Amino acid sequence: MINPANGIKYPRRDENIPKILDNLSSLTLKEAVIHNLRDRALIELFLCAGIRTTEAANVKKTDIIWNGNKILIRIAKRKRVRYVFYSEICGQMMNEYLKSRSDNCPYLFISKYGDKFTRQGIWFVMKNYVKLTGLDMCISTHSLRHSFAQNLSDKGMEDEDIAKLLGHKNSRYVRRYSQFSLSHRKIKYDEFNH
């Protein structure tokens, strides 16, 4: 028996808009970590560099290029090596954190036991801060990555450049940010133009 539906392509689902932190939520999260040097540097790095959780866990101190405000990401998705950039404030926070340590661990972020901070450990710390601040429990370290990309898109950066900063080969993965920006602008336009 021949199925008449064979060969018909399914319609593409709309991509879900990722969970993105607004400015107030980002500030709330930053205030929650202010007294913990490691977590303060970690959250700032997520927000200003758009790195993945596994990438953050694998950054070594020797991967940081201090005079260029960049970090070499050696263990990235699909084994792509790339650089990410960080802000002056983030650099200061990472430097303060490193100065507070007296261990020989080569990794930038370490656990409270002095060994490499794992992806699961980072996730657990993030969830604790989200719960502590009363933010939406759907917020994760990946939300900070999305917030980084959305922020760049809102400021007018081209999709192709955002894709490269995120470690994507193709800019189609970041078009959702510019689409969200356009719909967000339309809502704001409608608010002020009636």
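General remarks:
Residue-by-condition table, conditions (1) surrounded by 14 or more Cβ atoms within 10 Å (Cβ to Cβ); (2) outside any loop (DSSP other than H, G, I, E, B):
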residue	(1), (2)
SER26	yes, yes
GLU31	no, yes
HIS35	no, no
ALA41	yes, yes
GLU44	yes, yes
THR62	no, yes
CYS90	yes, yes
LEU98	yes, yes
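- Whichever residue in the stretch 73-130 is touching a residue at least 40 places away in the same chain (Cβ under 8 Å) and among the hydroxyl-bearing types (Ser, Thr, Tyr) and, among such residues, is nearest to LEU29 (Cα to Cα): TYR129
- Of all residues in the stretch 100-120, exactly one satisfies the criterion of being assigned to a helix (DSSP H, G or I) and out of contact with any helix residue (DSSP H, G or I) (no Cβ under 8 Å at 6 or more places or on another chain), namely GLN120.
- Looking only at residues of the stretch 1-53 that are over 22 Å from GLN92 (Cα atoms) and either among the β-branched types (Val, Ile, Thr) or in contact with a strand residue (DSSP E or B) (Cβ under 6 Å, 6 or more places away or on another chain) (or both), we find that the one that is modelled with the lowest pLDDT is ILE17.
- Total residues in the stretch 32-56, condition farther than 22 Å from ASP115 by Cβ and of a type in the set (Phe, Trp, Tyr): 0
- Scanning the stretch 117-146 for residues that are among the charged types (D, E, K, R) and either in contact with a Pro (Cβ under 8 Å, 6 or more places away or on another chain) or surrounded by 17 or more Cβ atoms within 10 Å (Cβ to Cβ) (or both) turns up just one, ARG145.
- Test: residue in the stretch 76-97 that is of a type in the set (Lys, Arg) and closer than 16 Å to LEU37 by Cβ: no
The values are calculated or read from the model by the stated rules, or taken from the named source; none is laboratory data. Being a predicted model, the structure only gives us computed values, none of them experimental. Cβ sites come from the backbone with ideal geometry, for glycine too, and all protein chains shown count toward neighbours.
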